[in-house]
Amino acid sequence: MRRPQSWFGAQAGLAAAALLLAGLSAGARAGGQPAPEGDPFRGRGIFDEKGCSRCHSVWGHGGTLGPDITAAVAGKTWDELVGDFWNHTPRMILEGEQRGYSWPTLAPEQMADLLSYLYYVRLFDEPGDPRLGSDAYVRLQCANCHTLGGRGGSPGGPLDRFGTYLSPVPLAQAMWNAGPLMRQEQLREGTPIPQFRGHEIADLQAYIRAEGRRHGREVELQPLPNASLGAEIYRRKRCGTCHDRALRRAPDLTRSALSKTASEITGLLWNHSYVMSGEMAAIGVPFPRFDNNELSNLIAHLYFRGYLGEEGERAQGAVVFAAKGCAACHTRGAASAPDLAAVLQRTDRASLAAAMWNHAPQMHRLMAEKAPFWPKFEPGEMGNLVAYLRSLARPSGVSKRPE
């Protein structure tokens, strides 16, 4: 089993997690707000401030009473994360009461920041395996054109310099920029164009780090990726010319990047670069080059495109509202809970999520008295319910009753 390690530099084990968390705090000062909704850098502080780390760990750093957050949130959109919060509420309430923990309340902005942080940590990769990287190095025939540790071919130059990085992104960026020339040489020599599998580029990076020549064992750390800057790069490099969903010229990047980590996304980009270069040439779009940290920021942007997910279906949400028993309490005339149509004034997702979280203990007590089941949400149901609840809200002073 691989030991967890952050994408942009850390030591193994707990030291890796500690450096990741410290780096996220520093990023809040230097990197601005990278997420489309909420700030993951502020969310890291809220995770500790609200006591989440007493029960949950991040990459193995923290409490063990609950699941490791990085495993629990893998591939989940905003609504799915909120649904998971709700599904585990009874256990969290009971465990907290037994240990004397007070239930933490969250303002809407804090909920947005916390959820974006939980999603953001999955951008960081597990470390590559140099043994698997050695196999990939042979399979991809890298030694035909590159040297490593003084061994191999020379047309493409040495790879040793990438050994100073823990992240595979600098290697991926260099490969991308040299891609057209590399493909010409490969076609001329009859060498298969390399295709990466899964996390293989991270394994290759680990092998280069283990075998490459460099002075000392220094590590070159990179800035944390910034999705807002990545969105600008996406626009400037004209990625939307092909990947705009309405045009249907190329795959929907929102779906392609969902639940994938940095190494998987970089591998996918490279695997499709040959076809992409041909398509771009055909429509007159120049093949993009990336400088400095542009590729890492673009990857962060692609990663976050799937965060908010698709808008739910209001009609299906009404079905969920009834099926989960919400209508039994949250309707006009019910004394046990407020009429949602009357009280929902802010319709943003963060306000709805915070309201559900903050009132969870009260709902838990009321439902325990009535002895009903605790409703749990299946994938997709929370998004539909949110769409329905948002449709109920009206400006202050005006209300619409649930159907």
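The values are calculated or read from the model by the stated rules, or taken from the named source; none is laboratory data. Note that the structure is predicted; figures quoted are calculated from it, not measured. Heads up, the Cβs are rebuilt from the backbone with ideal geometry, glycines too, and the neighbour counts pull from every protein chain shown.
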Practice task
Filter the range 368-388 down to residues that are aliphatic (A, V, I, L, M) and modelled with pLDDT of 80 or more, then give me how many there are.
Solution key: 4
Exercise for the section: Scan the range 129-147 for residues that are farther than 18 Å from ARG188 by Cα and out of contact with any Pro (no Cβ under 7 Å at 6 or more places or on another chain) and jot them down. Expected result: ASP129, PRO130, ARG131, LEU132, GLY133, SER134, ASP135, ALA136, TYR137, VAL138, ARG139
Practice task
Quick one: in the range 34-54, of everything that is out of contact with any Ser or Thr (no Cβ under 8 Å at 6 or more places or on another chain) and not charged (D, E, K, R), which residue is nearest to TYR119 (Cα to Cα)?
Solution key: PRO36
Practice task
Go through the range 63-77 and give me each residue that's touching a residue at least 40 places away in the same chain (Cβ under 8 Å) and buried (at least 17 other Cβ atoms within 10 Å of the Cβ).
Solution key: ILE69, THR70, VAL73, LYS76, THR77
Exercise for the section: Just give me the residues in the range 57-94 being more than 18 Å from the chain's Cα centre (by Cα) and under 30 Å from SER228 (Cα atoms), in sequence order. Expected result: HIS61, GLY62, TRP86
Fill in the blank from the handout: ARG238 fails exactly one of (1) within 20 Å of ALA281 (Cβ to Cβ); (2) assigned to a helix (DSSP H, G or I); (3) not β-branched (Val, Ile, Thr), namely (2)
Practice task
Determine the pairs where a residue that is of a type in the set (D, E, K, R), located within the range 96-112, has a partner that is surrounded by 15 or more Cβ atoms within 10 Å (Cβ to Cβ) with Cβ atoms under 7 Å apart, the partner being 6 or more residues away or on another chain.
Solution key: GLU109/ALA350
Handout entry: Members of the range 241-286 found to be farther than 17 Å from GLY230 by Cα, polar (S, T, N, Q) and not in a helix (DSSP H, G or I), listed by number
Key = SER259
Practice task
Taking only the range 310-343 into account, find how many residues are in a helix (DSSP H, G or I), among the small types (Gly, Ala, Ser) and either at positive phi or modelled with pLDDT under 85 (or both).
Solution key: 4
Fill in the blank from the handout: Restricting attention to the range 274-327, the residues that are closer than 30 Å to ILE193 by Cα and charged (D, E, K, R) number exactly 5
Problem - Condition check for ALA318: closer than 28 Å to LEU366 by Cβ and crowded, with 18+ Cβ neighbours inside 10 Å - result: yes
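Results for (1) under 31 Å from the mean Cα position of the chain (by Cα); (2) β-branched (Val, Ile, Thr); (3) farther than 29 Å from ARG122 by Cβ, shown as yes or no for each residue.
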| site | (1), (2), (3) |
| --- | --- |
| CYS145 | no, no, yes |
| GLY149 | no, no, yes |
| PRO158 | no, no, yes |
| LEU166 | yes, no, no |
| LEU181 | no, no, yes |
| ILE193 | yes, yes, yes |
| GLN205 | yes, no, no |
| SER228 | yes, no, no |
